[in-house]
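Engineer: Handing you this structure, nothing more for now.
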Amino acid sequence: MKTKRNVTLLVALILQLLTSCEPKKETEVVKMPHNIIPVRKGIMMKETYKNDVQRIIERNRENGTYQGTEFAWIDLDSLKNYIKLLDKVSELNNKKVTGVRIYFSQYPKVGNYNKEQIEKLIPGRETIFFAPTIAAAPSEKSKRYPILENVPFSIKNTRDNKLKGELSVINALLGHSEQKSDTLQKQRFLEEQETSLLLNEVAMFPPPKQ
C-alpha cells in the first residue's frame, strides 16, 4: 500500500516537472487606445455631419438630387500591409514615420476614366486619402498647433530601390503653391524619381447611381 502511494507521488512529481518545463503561454493584455469614443458619441457626431456638412453638399449639387458620401471603407489586410510598408520605409531610410494624415478630398469631375474606374472612383465624389508624415522643424504656428509638425512626404528614390532615398515634404499638401513653370516632360521625369505613399481607392457609400 505504501509502495503504491510512493509510486503515485513519484508520477505526480514527474508530471509537475514536465509541466513546469513547458513554455508558459502568457495571456496577452490588449490595452484599449486612449482615443476610443463611446458609441453614443460616434452616432451623435455622424448625425451632426449629416445634418450640417452633408446637407450643404447635397443641397448645392445636381439640383438637390446628389447623395453625399456617408463613409469610406478599407479592408483590414490592406491597412495592415500599408502600415508594414511605412515601417519598411522608416527602417530603410533610418527616419521615423510619425503618423498618417487623413485628407478630406474629392475626385476630379473630369478625367481619363475608364468604365471600371468610373464605377470605383465615382468622378466628383467626396473621398479621403492617407498621407504618411515625418517630423518637421517647429514654427510659430506649430507652437499653437503641434500637429503641424507632422508633415506629409514622398520619396525621391535612388532608382535602385523605390523605397529608399530622400524623404521629401509634399509642400502642395501644406497649402504651398507649386511652381507652375515645369514642363510636362520635367513633371514626368520627376514622377519617375518620386515614390508616392498616398493611399486611396477606398470603397465609398453611397454607391454610384445606376
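Engineer: Is it the case, given these coordinates, that Tyr103 is part of a helix (DSSP H, G or I) and in contact (Cβ under 8 Å) with a residue 24 or more places away in the chain? Walk me through it before giving the result.
Structural biologist: Details: part of a helix (DSSP H, G or I): no; in contact (Cβ under 8 Å) with a residue 24 or more places away in the chain: yes.
Against the criterion (part of a helix (DSSP H, G or I) and in contact (Cβ under 8 Å) with a residue 24 or more places away in the chain), Tyr103 does not qualify.
Engineer: Where residues in the range 27-77 are polar (S, T, N, Q) and surrounded by 12 or more Cβ atoms within 10 Å (Cβ to Cβ), which of them is nearest to Gln106 (Cα to Cα)?
Structural biologist: Thr69
Engineer: Please find, within the range 57-71, the residue that is farthest from Glu126 (Cα to Cα) out of those that are in a loop (DSSP other than H, G, I, E, B) and of a type outside the set (Val, Ile, Thr). Spell out how you get there, then give the answer.
Structural biologist: Quick first cut of the range 57-71, residues in a loop (DSSP other than H, G, I, E, B) only: 60-61, 65-70.
Going one step further and asking which of them are of a type outside the set (Val, Ile, Thr), we end up with 60-61, 66-68, 70.
Values: Asn60: 14, Arg61: 12, Tyr66: 11, Gln67: 10, Gly68: 7, Glu70: 9 Å.
If we take residues in the range 57-71 being in a loop (DSSP other than H, G, I, E, B) and of a type outside the set (Val, Ile, Thr), then Asn60 is farthest from Glu126 (Cα to Cα).
Engineer: I would also like to ask the following. Quick one: count up the residues across the range 72-92 that are of a type in the set (Gly, Ala, Ser), closer than 20 Å to Thr127 by Cα and in a helix (DSSP H, G or I).
Structural biologist: The number of residues fulfilling the criteria is 1.
Engineer: Further question on the same structure: Ser154 versus (1) at pLDDT 95 or above; (2) part of a strand (DSSP E or B); (3) under 14 Å from the mean Cα position of the chain (by Cα): which is the lone unmet condition?
Structural biologist: (3)
Engineer: Out of (1) surrounded by 15 or more Cβ atoms within 10 Å (Cβ to Cβ); (2) part of a helix (DSSP H, G or I); (3) among the β-branched types (Val, Ile, Thr), what's the single condition that is false for Ile118?
Structural biologist: Against the list (1) surrounded by 15 or more Cβ atoms within 10 Å (Cβ to Cβ); (2) part of a helix (DSSP H, G or I); (3) among the β-branched types (Val, Ile, Thr), Ile118 comes up short only on (1).
Engineer: Is at least one residue of the range 24-33 without any contact (Cβ under 8 Å) to a residue 40 or more places away in the chain and closer than 29 Å to Gly175 by Cα?
Structural biologist: No, the conditions are met nowhere in the range 24-33.
Engineer: Sticking with this structure for a sec: Please specify each residue of the range 78-96 satisfying the condition of being under 14 Å from Glu201 (Cβ atoms) and either exposed (fewer than 15 other Cβ atoms within 10 Å of the Cβ) or assigned by TED's automatic domain parsing to the domain that holds Ile43 (or both).
Structural biologist: Within the range 78-96, Ser78, Leu79, Asn81 meet the criteria.
Engineer: Further question on the same structure: Among the candidates Pro208, Pro138, single out the residue that is farther than 27 Å from Asn81 by Cα, at pLDDT 85 or above and either under 19 Å from the mean Cα position of the chain (by Cα) or surrounded by 10 or more Cβ atoms within 10 Å (Cβ to Cβ) (or both).
Structural biologist: From the options Pro208, Pro138, the qualifying one is Pro138.
Engineer: Would you call Lys50 among the basic types (Lys, Arg) and either assigned by TED's automatic domain parsing to the domain that holds Val169 or touching a residue at least 40 places away in the same chain (Cβ under 8 Å) (or both)?
Structural biologist: Working: among the basic types (Lys, Arg): yes; either assigned by TED's automatic domain parsing to the domain that holds Val169 or touching a residue at least 40 places away in the same chain (Cβ under 8 Å) (or both): no.
It is false that Lys50 is among the basic types (Lys, Arg) and either assigned by TED's automatic domain parsing to the domain that holds Val169 or touching a residue at least 40 places away in the same chain (Cβ under 8 Å) (or both).
Engineer: Take Glu126 and tell me if it is more than 20 Å from Leu85 (Cβ to Cβ), crowded, with 16+ Cβ neighbours inside 10 Å and touching a residue at least 60 places away in the same chain (Cβ under 8 Å).
Structural biologist: It is true that Glu126 is more than 20 Å from Leu85 (Cβ to Cβ), crowded, with 16+ Cβ neighbours inside 10 Å and touching a residue at least 60 places away in the same chain (Cβ under 8 Å).
The values are calculated or read from the model by the stated rules, or taken from the named source; none is laboratory data. No experiment lies behind these values; they were computed from the predicted model shown. Every residue, glycine among them, receives a Cβ derived from its backbone with ideal geometry; neighbour counts consider all protein chains shown.
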